[in-house]
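The values are calculated or read from the model by the stated rules, or taken from the named source; none is laboratory data. Quick caveat: nothing in here was measured; it's all calculated off a predicted structure. All Cβ positions, glycine included, derive from the backbone under ideal geometry; neighbour counts span all protein chains shown.
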């Protein structure tokens with residue numbers, strides 16, 4: 001994992017749920033099954049164990065959930081009717097048995113992860129695609145979180161080159177031999193593997209013990225307003241954080257010739273829109289105009 005960035009960001013459309021997040025200081029940890037990519041957090045398994053070790057792994061996993069397996073159970077699995085594909089594939093019974101066993105092993109091994117919540121964050125506040133996909137086409141906001149206290153957080157960097165495939169031997173090392181490093185590798189394949197096409201997100205994930213609302217993993221340190229964010233939204237949010245000078249507000253702007261997004265930092269003294277020649281203006285910190293092309297990190 002790379003060094004954790006100083007700040008991580010959450011793009012959001014503005015609505016009741018976002019307002020609740022801002023007021024309560026909580027965030028929502030969705031279930032992995034609810035992600036928009038159906039292959040996300042859906043690992044596959046490669047059976048690279050012999051029959052004896054595969055069965056031992058299966059027995060250990062069953063025992064963890066209070067299921068006792070007998071020789072008759074294993075015989076039924078071995079002699080299970082073949083599917084049409086299996087019948088015409090010409091594969092021998094031993095191979096098919098191990099593949100059926102692999103499917104059951106994977107389901108048991110990752111069951112606990114399916115009940116954990118995941119809070120997704122991004123490395124950048126100025127990604128045009130993220131603003132379009134998650135920031136309501138620039139009508140929304142981007143929340144900035146201070147990650148300086150990340151030490152006790154289960155934080156994972158998404159790896160867009162990591163395969164979804166988990167070796168059965170890795171599961172064996174984890175569950176039978178008790179190797180913690182193998183367990184961490186399984187978790188990485190489950191939570192951190194994502195298709196290369198998503199790499200523009202530069203995503204990090206906070207893994208939470210439970211699905212649903214929970215305390216935010218990091219302190220909120222700033223809010224960025226999209227290019228099309230309405231003034232009433234800005235006014236509402238600034239009123240929520242009245243008396244909170246630790247929360248920095250920034251409006252985004254772009255140049256006439258490029259596609260870059262740049263922050264204009266608001267003054268802590270004035271957090272209200274004012275009319276200037278009939279046009280609503282927002283006050284900036286002294287010197288913000290001259291340093292606006294500088295990255296704030």
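Here are the numbers:
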| item | result |
| --- | --- |
| Candidates 40, 48 - the one that is surrounded by fewer than 16 Cβ atoms within 10 Å (Cβ to Cβ) and assigned to a loop (DSSP other than H, G, I, E, B) | 48 |
| Filter result for residue 272 (surrounded by fewer than 20 Cβ atoms within 10 Å (Cβ to Cβ), in contact with a helix residue (DSSP H, G or I) (Cβ under 8 Å, 6 or more places away or on another chain) and modelled with pLDDT under 90) | yes |
| Pair list, Cβ < 8 Å and 6+ apart or interchain, from segment 79-103 residues that are more than 20 Å from residue 62 (Cα to Cα) to residues that are surrounded by 13 or more Cβ atoms within 10 Å (Cβ to Cβ) and at pLDDT 70 or above | 82/96; 86/96; 93/78; 94/51 |
| Positions within segment 108-127 being farther than 30 Å from residue 44 by Cα and modelled with pLDDT under 95, in sequence order | none |
| Pairs where the first residue, in segment 225-237, is over 10 Å from residue 137 (Cβ atoms) and the second is surrounded by fewer than 22 Cβ atoms within 10 Å (Cβ to Cβ), C-beta under 6 Å, 6+ apart | 225/251; 229/139; 231/273; 231/280 |
| Matching option when the condition is in a loop (DSSP other than H, G, I, E, B) and in contact with a strand residue (DSSP E or B) (Cβ under 9 Å, 6 or more places away or on another chain), among 153, 166 | 153 |
| Unique match (being closer than 22 Å to residue 107 by Cα and surrounded by fewer than 18 Cβ atoms within 10 Å (Cβ to Cβ)) among 184, 239 | 184 |
